[in-house]
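Encoded as structure tokens, the structure appears first; notes follow it.
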Amino acid sequence: MKAFTLISSIILLMACGESVRFEVAQPEGVGTQKDFPKRLYGEYVTGNDSSKLLITNGRIIQYTRAAFAEKQDSVDRVEPRDDSTSVEVNKNFSLNFKVRGDSVFYGWSSYDTLFDAAHGDLLKKYKGFYFLNRRMANHSWEVTTLTPIEGGVTLGAVSGAEDIRKLRNLTNTPSDSIFLFRPTKEQLQKFLRENGFSEQTTYLRKPR
């Protein structure tokens, strides 16, 4: 059935991609901070309310959801029904769909702990950015930037071939198969000036 084909495609898409890791917590040579400023605590949402960010004492959690619909064509038409089918990919990600007439309504939701100091993640501040260093393994860190803005915050992540190319050039990493980097503080600063961490999402503080 077309629904299951699409669901499988979504799962594969989320599992694929080039994951950039850093050999040490970033920026190297900058001290760690114990916690976020209390003024940043709170709940934030994107403009279309498809994603939510929760900042608490030493922890950041991201909730994301999406929904869409499509028509069944004559080949893939299924018997109309109003029951829902859910697929739990893992404890952090689930998919569901419902068939109504000749349409299928899809939805997915996920949550991700972007930072958790209690589990060894490290917080650093440099040049107006908070660096969320999530420990993935020994000598392997996933790094996200958090930038306070008026009325909210912006998250930045290393994304796509252009960010990777910049990192390779700055750190003199020649191999196209290596996605583990160790920039100096000066190289990281230049990466920021060149609009590194280009996958950016802005969240606005939710009124209390």
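The values are calculated or read from the model by the stated rules, or taken from the named source; none is laboratory data. Predicted model only: the values in this text are computed from it and were never measured. Every residue, glycine among them, receives a Cβ derived from its backbone with ideal geometry; neighbour counts consider all protein chains shown.
Counting the residues of segment 169-188 that are touching a residue at least 40 places away in the same chain (Cβ under 8 Å), part of a helix (DSSP H, G or I) and either surrounded by 17 or more Cβ atoms within 10 Å (Cβ to Cβ) or touching a His at 6+ places or on another chain (Cβ under 8 Å) (or both) gives 1. When the residues of segment 102-129 are filtered to those that are of a type in the set (A, V, I, L, M, F, W, C) and in a strand (DSSP E or B), the one that is modelled with the lowest pLDDT is TRP108. Restricting attention to segment 130-153, and to residues there that are among the hydrophobic types (A, V, I, L, M, F, W, C) and at pLDDT below 95, which single residue is nearest to the chain's Cα centre (by Cα)? This residue is MET136. Residues of segment 134-162 that are of a type in the set (Ser, Thr, Tyr) and touching a residue at least 40 places away in the same chain (Cβ under 8 Å): SER140, THR144, THR145, THR154, SER159.
Somewhere in segment 190-204, is a residue more than 18 Å from ARG21 (Cβ to Cβ), surrounded by fewer than 17 Cβ atoms within 10 Å (Cβ to Cβ) and in contact with a Pro (Cβ under 9 Å, 6 or more places away or on another chain)? Yes, because at least one residue in segment 190-204 is more than 18 Å from ARG21 (Cβ to Cβ), surrounded by fewer than 17 Cβ atoms within 10 Å (Cβ to Cβ) and in contact with a Pro (Cβ under 9 Å, 6 or more places away or on another chain).
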